[in-house]
Amino acid sequence: MISGRQGVKYAGKDIEAMQAIANASSRRSLKDFEATLIEYSEQLQEDLLIKHHLHILQEQLLESNLIRIIEPYSCVEISHIATLMEMPSKEVEKKLSQMILDGKFQGILDQGKGQLVVYEKGEKDMAMEKSLKVIANMDAIVTTLFERSKALRTMMI
């Protein structure tokens, strides 16, 4: 479409940059994506809107690549993931912890052993859900009783 007759009038570095980003994204290659960002930094980093969306796309690529790598494991060393991703271990560890907190997958980081322990997706614990509802209801009742006792005290004084 870009190389067709209609796309010729828009040809230039800007279109090449976007095409390179699209190719890296379709290949799910974080390395190619980052190389494209460096190669076409003038075209891609000057516009704040494009820069923001490219940052989001980069985060999504990183997350999808991490999930693809850790999927077959129940326990994997963070250094192994970092080696496969060709990234520093600290950066991988930080992203994994963020993904765990965001609920992208269930697991824990064992920093002592330098491992990621991945849990199977389990069903919701209905007892826990009902317990939380009971606690919320008890809180509402105690709050109401406290307000009533406060009102009675002011009437007595």
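Readers should treat all values here as calculations from the given coordinates under stated rules, not as data from a laboratory. Here the structure is a predicted model, which means the values were calculated and not measured. Methodologically, a virtual Cβ is constructed for each residue, glycine included, from the backbone with ideal geometry; neighbour enumeration extends over all protein chains shown.
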Task: the chain: Cα Rg divided by the 2.2 N^0.38 Å rule of thumb - done: 1.71
Open item on the list: Once you place label points 7 Å from the Cα toward the Cβ at Lys121 and Ala151, how far apart are they in nm?
Closed with: 4.8
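Name the GluC sites (Glu not before Pro) in region 29-127 that are in a loop by DSSP and that have at most 12 other C-beta atoms within 10 Å, would you?
Glu46, Glu86, Glu120, Glu123
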Open item on the list: Can you classify region 68-131 as rounded, prolate or oblate using the Cα gyration tensor, where a ≥ b ≥ c are the square roots of its eigenvalues, rounded means a/c under 1.5, and otherwise it's prolate if a/b beats b/c and oblate if not?
Closed with: prolate
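Quick check on region 32-111: what does the Kirkwood estimate of hydrodynamic radius come out to from the alpha carbon pairs, in Å?
Hydrodynamic radius (Kirkwood, Cα pairs) of region 32-111 is 13.9 Å.
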Task: Residue-span extension gain [Glu16 to Leu84] - 0.36 nm each, minus C-alpha spacing - done: 21.6 nm
Task: R0 of 22 Å, Cβ-Cβ distance Asp110-Ile69: FRET efficiency to nearest 0.05 - done: 0.80
Open item on the list: Using the basic label-point model (7 angstrom from Cα toward the beta carbon), what is the Glu46 to Lys130 distance in nanometres?
Closed with: 6.4
